[in-house]
Amino acid sequence: MSSESAVNLAIRCYPGWWRERYGEEVRTIAGDLTADGRSPALVTLDLLQGAVRARSRAQGMPKVYDLWSARTRMSIAAATLPWMLVAPFVLMAMGTQSLHSTKGAVSFSGTSFTMTHLQIAGAPPTPAPPLTSAGAVVPFASLAVGVLFLVTLAVLACGWTGLTGAIRRSTTPHRRRVWLLAWTPGLALLADLALIVALILVRPVGYRWTGGGPMVPIGGHPLAAHVLGTALGVVAIGGWLASIVCVAVAAKRADVALSDLRFGKSVSIVTAILFALMLAAYMAWGVGLWVQARQASHGTFTTIAYSRQDLWVPMVVLITGAVILSGFSSRAARRSWMVLSNGIPPV
Amino acid sequence: MASKRLGRTQDPTIMVLTSLSGGPKHGYAVIKDIETMSGVTFGPGTLYGVLARLEEEGLVESLPSEDHRRPYRLTGAGAAVLRERLEANVKVADIGFRRLGALGA
């Protein structure tokens, strides 16, 4: 890539209002500086840093209602959509829980919070040794992650209904099209539910194992069930990704009222806070498991394990990035909304 | 080495305002002036971040230009802010030098 095209690419990272105001000037100066012997890579890097600052702080952005309204909407989207993108992975990356004694995996009576007896296959139940102090934290942290996931999902559902209602009330150009875009998560969910119902209707009622050979389905329509099962996976993942993209596009295009922006701003702040709490709970879960492994080597304890706990480190990195983006964006949404509410009149 | 570790003490805002106090300049001239004045190398992203903020606050204004090298000049408010900030810096510098003198450093 030539230095000129790298500079052009960096300038394209700035917001539209900034490019319109300073773009040509900066392109000229960047050319002068590189002709003067300045490293094109450093000039490009400086421009990219400037682009991040221009986008995050919006300093010098003209006091035009449409610009600040669009900034508020995009900040709300950037504060909420990272959760949609990352949170499902958090639950998947924990996996299923199992308990272990020094003799191996065990079944148990009670709950993972208050165990009473452990039983190794084929052996009589024995009183359960205690969890280590760190291990005792793990089930609570796991529960907290699940609860925070559900609460955030409920908050975002409220935000989504607010968005669709706001678009219906607005004077957005091509309002119906934007409204349909915003409805993508609802349509994806309906498609998932329809496929699940169809799958239940056509799946075999049972399986017979003929000993040595494959399992033989009894009744139902096995081929249709297989096709529907595959389709369900595709629709679930495709619908989830399409929902994120379509809601972002709808948020960009929907010219909604100030009161609706206020609601969206509040949703984005609550989402960012819940997301940060979810990260804290997930970190406590992983640290608890790690410390438990060390404590368990100094006595007789019951230990908790999760099938995908090895994914903890990359997941913490991923979630931390998403939480930072969500936090900064919710702050930008709040500030932009305050600029709007402090008196830029709608055109 | 230690002074480098303690970080940059020059405020980019003050440096841009100081540069423009010598008369209207376009971006490239401001960068070169600051380099000569303080040895600090500004990139275009840093400079225009500062200029955008100063323009928004009414401390500098752009002048018409026929090419893409638009000159900027200090406004009255910008001159007042610069004077106030420099006086504060001078006061701190005076106290610092006096105390260093008392230490015999």
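Some points to look at:
- Neighbouring partner chain Cβ atoms per residue of A:37-43, average, 10 Å criterion: 1
- Approximate spin-label separation A:Ala157-A:Ala35, in nm, with each point projected 7 Å along Cα-to-Cβ: 6.2 nm
- Length gained on full extension, A:Phe89 to A:Val234: 50.5 nm, using 0.36 nm per residue less the C-alpha separation.
- Separation of alpha-carbon centers, the range A:177-200 and the range A:66-140, rounded to whole Å: 29 Å
- Largest mean-square fluctuation among A:Ala322, A:Ala248, A:Ala194, in a Gaussian network model of chain A whose springs join Cα atoms under 10 Å apart, belongs to A:Ala194.
- Residue exposure sequence - B:Ile14, A:Ile319 - by fewest surrounding Cβ within 10 Å: B:Ile14, A:Ile319
- Put in order of Cβ neighbour count within 10 Å, fewest first, the listed residues A:His174, A:His226 become A:His174, A:His226.
- For the segment B:36-46, counting C-beta atoms of other chains within 10 Å of every residue's C-beta and taking the mean gives 6.
- Dimensionless Rg over Rh [the protein assembly as shown; C-alpha; Kirkwood]: 1.11
- Share of alpha-carbon pairs per 5 Å distance bin for the range A:173-253, given as whole %: 3, 15, 17, 15, 12, 10, 9, 7, 5, 4, 2, 1, 0, 0
- Spin-label model, B:Glu56 to A:Val317: label points 7 Å out along the Cα-to-beta-carbon direction sit 3.4 nm apart.
- Of the complete DSSP H runs in chain A, those spanning 15 angstrom or more by Cα along the long axis with a mean Kyte-Doolittle score not below -0.5 are A:40-57, A:65-92, A:133-169, A:184-202, A:222-253, A:258-295, A:312-341.
- Dividing the Cα radius of gyration of the range A:113-160 by 2.2 N^0.38 Å, with N the residue count, gives 1.81.
- D by Stokes-Einstein for the range A:1-158, Kirkwood Rh over Cα pairs, 37 °C, 0.692 mPa s: 154 µm²/s.
- For the range B:2-103, the fraction of C-alpha pairs farther apart than 20 angstrom is 44 percent.
- Amide N proximity, the range A:277-317 versus A:Thr102 label position 7 Å along Cα-to-Cβ, cut-off under 19 Å: A:292-305
- Förster radius 51 Å - calculated FRET efficiency between B:Glu35 and A:Ala136 (Cβ-Cβ, nearest 0.05): 0.25
- Gain on full stretching of the segment that runs from A:Ser307 to A:Arg262 - 0.36 nm per residue minus C-alpha separation: 12.0 nm
- Listed by chain and number, the aspartates and glutamates whose C-alpha is less than 15 Å from the C-alpha of A:Lys265, apart from same-chain residues fewer than 8 away, are A:Asp255.
- When A:Met115, B:Met37 are sorted by how many other C-beta atoms sit within 10 angstrom of their C-beta, beginning with the fewest, the order is B:Met37, A:Met115.
- When chain A is treated as a GNM with alpha-carbon contacts under 10 Å, the residue of A:Val249, A:Val317, A:Val202 showing the greatest mean-square fluctuation is A:Val202.
- Over all pairs of different C-alpha atoms, the range A:209-269 has a mean inverse distance whose reciprocal, the Kirkwood radius, equals 16.0 Å.
- The range A:260-346, relative contact order [Cα under 8 Å, separation at least 6], %: 54 percent
- Note on the range A:1-69: Cα-Cα pairs beyond 14 Å make up 57% of the total pair count.
- Within straight-line cross-link reach of A:Lys252, aspartates and glutamates at Cα separation under 18 Å, skipping those fewer than 8 residues along the same chain: A:Asp66, A:Asp260
- Distance between the range B:22-46 and the range A:275-303 - C-alpha centres, whole angstrom: 54 Å
- Inter-label distance, nm, simple model (7 Å from Cα along the C-beta direction), B:His68/A:Val147: 5.8 nm
Coordinate-derived values only; no laboratory data. These numbers come from a predicted model, not from an experiment. Counting neighbours? That spans all protein chains shown, and the Cβs are built from the backbone with ideal geometry, glycine included.
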